[in-house]
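Colleague: After the structure tokens below, expect a handful of questions from me.
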Amino acid sequence: MIDTVAPTEARVLITGGNGSGKELVARQLHDKSGRASGPFIEVNCAAIPTELIESELFGHEKGSFTSAIKTRQGKFELADGGTLFLDEIGDMSLAAQAKVLRALQESKIIRVGGDKDFKVNVRVFAATNKDLRKEIEAGNFREDLFHRLSVIVILVPSLSERKEDIYLLFRKFASDFAETHHSQLLELTPEAQQLLVNYPWPGNVRQLKNVTDQICVLESGPVIHAQTIAKYIPHIE
């Protein structure tokens, strides 16, 4: 799906649970696109206070509000010629959604406190762990923006739905740790591998990486047994 969609200019909505790898999908889409040599700018819409999101996205003019001591470019301008990734788009305020819709429709933005249009050439990817259709029904998300963003929808499945990836990812994370810290690469017994694969991983790939790092830091190895794995995922039945 990524290989098919990346070379186009289609906007993509990436859905999936927390820690499932939505940002990696967005980066791969960018890296495989014709915009790969341009900037990849990420905005975490959930991490920015509502009153600052418009300034973050569109920039502001000097003096437009109390702390605006100088003119500042926003993420849309910084992403010109490349890709803008709006992570956790479901947490964006309705006021900011309206301005994002205009930017997508007209390929223009206006800085906060300004009256001049700036043309922007940006491909937008958005991601969310929310059901945006339910958010639309609840009045929290604009339906017209949803349709603008979701030309292509890519669902990133949870780790429990792709069990064949679990041990491969453990090996990757353990190898990266060993290389970074010049330490011994840990090996798992077959029983430990099975325990790892059978665990449901509610925190998805992010949780698996954390557990892998904990084991690499706290266990001497070189062979890790099932009872050791069980210490780090204690809720398994």
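The values are calculated or read from the model by the stated rules, or taken from the named source; none is laboratory data. This is a predicted model, so every value here is computed, not measured. Cβ sites come from the backbone with ideal geometry, for glycine too, and all protein chains shown count toward neighbours. Please note that ligands, DNA and RNA were not included when accessible areas were found on the heavy atoms of the full protein model with its side chains. Shrake-Rupley method; radii C 1.70, N 1.55, O 1.52, S 1.80 Å.
Colleague: Quick check on my filter: what residues within the stretch 193-203 are within 16 Å of F173 (Cα to Cα) and part of a helix (DSSP H, G or I)?
Modeller: Q193, L196, V197
Colleague: What's the number of the only condition in (1) open to solvent by 40 Å² or more (accessible area, probe 1.4 Å); (2) part of a helix (DSSP H, G or I); (3) not aromatic (F, W, Y) that L29 fails to meet?
Modeller: Single failed check for L29: (1).
A quick yes/no check of all residues on (1) part of a helix (DSSP H, G or I); (2) modelled with pLDDT of 95 or more; (3) open to solvent by 40 Å² or more (accessible area, probe 1.4 Å):
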position	(1), (2), (3)
F141	no, yes, no
V153	no, yes, yes
S160	yes, no, yes
E191	yes, yes, yes
V205	yes, no, no
V217	yes, no, yes
T228	yes, no, no
I236	no, no, yes
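Colleague: Name the residues in the stretch 53-72 that are surrounded by fewer than 19 Cβ atoms within 10 Å (Cβ to Cβ) and either at pLDDT 85 or above or at positive phi (or both), would you? Write out each step before concluding.
Modeller: Initially, the stretch 53-72 is screened for residues surrounded by fewer than 19 Cβ atoms within 10 Å (Cβ to Cβ), giving 61-72.
The one that is surrounded by fewer than 19 Cβ atoms within 10 Å (Cβ to Cβ) and either at pLDDT 85 or above or at positive phi (or both): G63.
Colleague: Please state which of the following conditions F125 fails to meet, knowing it meets all the rest: (1) without any contact (Cβ under 8 Å) to a residue 60 or more places away in the chain; (2) in contact with a His (Cβ under 8 Å, 6 or more places away or on another chain); (3) closer than 16 Å to I14 by Cβ.
Modeller: Going through the list (1) without any contact (Cβ under 8 Å) to a residue 60 or more places away in the chain; (2) in contact with a His (Cβ under 8 Å, 6 or more places away or on another chain); (3) closer than 16 Å to I14 by Cβ, F125 breaks only (1).
Colleague: May I ask you to say which residue of I89, I41, I110 is of a type in the set (A, V, I, L, M), touching a Lys or Arg at 6+ places or on another chain (Cβ under 9 Å), surrounded by 14 or more Cβ atoms within 10 Å (Cβ to Cβ) and under 19 Å from F146 (Cα atoms)? Steps first, answer last, please.
Modeller: Details: I41 fails: under 19 Å from F146 (Cα atoms); I110 fails: under 19 Å from F146 (Cα atoms).
Result: I89 is the single residue among I89, I41, I110 that is of a type in the set (A, V, I, L, M), touching a Lys or Arg at 6+ places or on another chain (Cβ under 9 Å), surrounded by 14 or more Cβ atoms within 10 Å (Cβ to Cβ) and under 19 Å from F146 (Cα atoms).
Colleague: Report, by residue number, each residue of the stretch 176-189 that is in a helix (DSSP H, G or I) and surrounded by 13 or more Cβ atoms within 10 Å (Cβ to Cβ). I'd like the intermediate steps shown before the answer.
Modeller: If we filter the stretch 176-189 for residues that are in a helix (DSSP H, G or I), which is where we start, we get 176-181.
Once the filter is applied, which keeps residues that are in a helix (DSSP H, G or I) and surrounded by 13 or more Cβ atoms within 10 Å (Cβ to Cβ), the stretch 176-189 yields D176, F177, A178.
Colleague: Can you give me the number of residues within the stretch 1-24 that are assigned to a helix (DSSP H, G or I), within 20 Å of G203 (Cβ to Cβ) and open to solvent by 20 Å² or more (accessible area, probe 1.4 Å)? Let's see the steps before the verdict.
Modeller: Of the stretch 1-24, the ones assigned to a helix (DSSP H, G or I) are 2-5, 22-24.
Of the ones still in play, those that are also within 20 Å of G203 (Cβ to Cβ) are 22-24.
Filter once more, keeping what is open to solvent by 20 Å² or more (accessible area, probe 1.4 Å): 23-24.
Count: 2.
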